[in-house]
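A short write-up of the structure that comes next.
Bear in mind that the values in this text are calculations on the coordinates, not laboratory data. In this text the structure is predicted, and so the values were computed from the model without any measurement. Methodologically, a virtual Cβ is constructed for each residue, glycine included, from the backbone with ideal geometry; neighbour enumeration extends over all protein chains shown.
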Amino acid sequence: SHFQFQTVSNIISGLGSIYELKPLLQQHGYKKLLLVTDAGMIQQQLHLPIIEILETIQLPYAIYSNVQADPPEHIVLDAVQFAKNEKVDIILGFGGGSSLDVAKIIAILAHPQQSQSLQDLYGVNNAKHPRLPLFLVPTTAGTGSEVTPISIVTT
């Protein structure tokens, strides 16, 4: 069955709903996407449907796949720097809660007009706009990272 559920974002769920990314990504004229995931997703080639979509719509992309469970600060900061170096203008988190959490932080800290540091974000309601556009594609159930405005970072 197919449904949409709206909390902090629009959630599209159902068999094959990954392909609904295509029109969503096409409508805004993005220049380069960052796919944020972990090595296991790459190794199992679970990211390939997303790559197929990106190549079909000719949207350049980079992949950051060094996300670890309960990501430490240095991984988050490395991911943010990677995004800045790649000059991406949209973030797509793909995988479990840690990948989605890192993607959320990248979307904030990699925005060219963002002045906050990672430490500035610690606490409740401390993240301030602007942020890059963000899409989250969860592949596990349980963390709820796709519907929460927080990220977990190991300090």
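Remark: relative contact order (the chain) = 24 percent; criterion is Cα-Cα distance under 8 angstrom and separation of 6 or more residues. With a simple spin-label model that places each label point 7 Å from the Cα along the Cα-to-Cβ direction, the separation between Ala39 and Gln119 comes to 3.0 nm. Kindly state, to the nearest 0.05, the FRET efficiency for Asn66 paired with Lys128, given R0 = 25 Å and r defined as their beta-carbon distance. Efficiency for this residue pair is about 0.40.
Cα centroids of the range 31-48 and the range 63-101: 11 Å apart. From the coordinates of this entry, semi-axes √(5λ) of the Cα gyration tensor in Å is computed, and it appears in (1) 22, 18, 16; (2) 26, 18, 15; (3) 43, 15, 13 under the label (1). As a calculated quantity, the FRET efficiency between Thr56 and His2 at R0 = 35 Å, using C-beta atoms, amounts to about 0.95.
Cβ-to-Cβ counts within 10 Å put Ser65, Ser115, Ser145 in ascending order as Ser115, Ser65, Ser145, the fewest first. Please work out how many pairs of lysine residues in the range 1-120 are eight or more positions apart (or on different chains) and have Cα atoms closer than 15 angstrom. Value for the range 1-120: 7. Largest GNM mean-square fluctuation among Leu33, Leu100, Leu15, using the chain with Cα springs under 10 Å: Leu15.
Label positions at Glu20 and Leu46, each projected 7 Å from the Cα along the C-beta direction, are separated by 2.0 nm. Compared with the direct C-alpha span, the chain from Val147 to Gln27 gains 40.9 nm at full extension, assuming 0.36 nm per residue.
Taking the 0 to 90 degree range and rounding to the nearest ten, how far is the long axis of helix 73-86 tilted relative to the main principal axis of the chain, both from C-alpha atoms? The two axes meet at around 60 degrees.
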